[in-house]
Structures are given as C-alpha cells and as structure tokens.
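First up is the structure itself, then whatever we jot down about it.
Every number here is computed from the coordinates shown, using simple stated rules; none is lab data. This is a predicted model, so every value here is computed, not measured. So basically every Cβ, Gly included, is an ideal-geometry build from the backbone, and we count neighbours across all protein chains shown.
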Amino acid sequence: MSDCIFCKIANKQMDTKLITETDDYVAFNDISPQAPIHALVIPKKHFSSLNDIEDIELMGKLVQGVKEIAEKLGVKDNYRTIINTGAEAGQAVFHMHIHIMAGRPLLWPPG
Ligand code: AMP
Ligand code: ZN
C-alpha cells in the first residue's frame, strides 16, 4: 500500500537499517524501543492485521524468522513476541508486524 510506512520500509523507500531480509519478510529495530532489544518483523506483502492473513505458510516463515532473529540478536533464551490486533489492543501501524522484545525483565501480564 502506497501510504503504508511499513510497506515503504519493506520496499526500501525508507532509509531503515535491516536486521535481516528474506524474500518474504524484513526485520528492523523499532524506532521507539520499549526494551534494550526491540525489533519488528514484517511480511513484505501488506496485510493490515493478523486477521487479514490467509497465507498460513507465510505466517510459519515469519515465526521461523522470529526464532532466527532472536538468535541473531543474542536473546534466543528470553524474548517476548507480541502481535497487536486492533487499535484498542495497541495496534498503531496497520501492516501486520511481530514485535520481538528482550534484554530486561518483562512482566506478565503486560497490562
Ligand atoms: P503497534 O503499536 O503494535 O502497531 O506497533 C507499531 C510499532 O512501530 C511501534 O512500536 C512504533 O514505535 C514502531 N514504528 C513506527 N514507525 C516506525 C519506523 N519508521 N521505524 C521503526 N519502527 C517504527
Ligand atoms: Zn503495508
């Protein structure tokens, strides 16, 4: 989508340093980190939210990617993944993304 900030990142229209990239997804650091490690994994194909993903195989690749990115970031033994769906659940960018947070004790439930 042309007005989607995460599509712009995935399409290299933004000067965002990528942690990793495959044919299916890119990962990069959150611009407003809520933990010492706070990365985002996004599919290159635009889906507004988790509810709009029909490609389960792609979702599996993203989850595999989360594991590999956590390992690359050196936090594979302790990290949190979050997918916010809907504004009231905290979703601000309507291009589906998986947060990876780590590097400090993370309370549960998050509030
Ligand atoms: P959510 O609230 O789940 O939609 O998460 C959106 C996340 O995207 C927030 O944590 C923002 O800090 C982050 N974000 C927004 N714009 C950018 C950007 N240009 N580069 C990196 N992270 C961003
Ligand atoms: Zn998008």
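As for segment 70-84, it holds at least one residue that is under 13 Å from H99 (Cα atoms) and in a helix (DSSP H, G or I).
Among the residues in segment 58-75, are any in contact with a His (Cβ under 9 Å, 6 or more places away or on another chain) and surrounded by 12 or more Cβ atoms within 10 Å (Cβ to Cβ)? Looking for residues that are in contact with a His (Cβ under 9 Å, 6 or more places away or on another chain) and surrounded by 12 or more Cβ atoms within 10 Å (Cβ to Cβ), one finds none in segment 58-75, hence no. Cβ-Cβ contacts under 8 Å between residues 6 or more apart (or on different chains), taken from a first residue in segment 33-52 that is in a loop (DSSP other than H, G, I, E, B) to a second residue that is of a type in the set (S, T, Y) and more than 11 Å from ligand 2 (Cβ to nearest atom), are listed as K44/Y25; S49/T85. Counting only residues that are away from ligand 2 (no atom under 16 Å from the Cβ) and either loosely packed, with under 12 Cβ neighbours inside 10 Å or in a loop (DSSP other than H, G, I, E, B) (or both), segment 1-29 holds 4 of them.
Pick from segment 12-32 the residues that are without any contact (Cβ under 8 Å) to a residue 12 or more places away in the chain and not β-branched (V, I, T): which of them is nearest to ligand 1 (Cβ to nearest atom)? Residue satisfying both the conditions and the ranking: S32.
In this structure, I5 does satisfy being out of contact with any strand residue (DSSP E or B) (no Cβ under 8 Å at 6 or more places or on another chain), touching a residue at least 12 places away in the same chain (Cβ under 8 Å) and farther than 20 Å from E54 by Cα.
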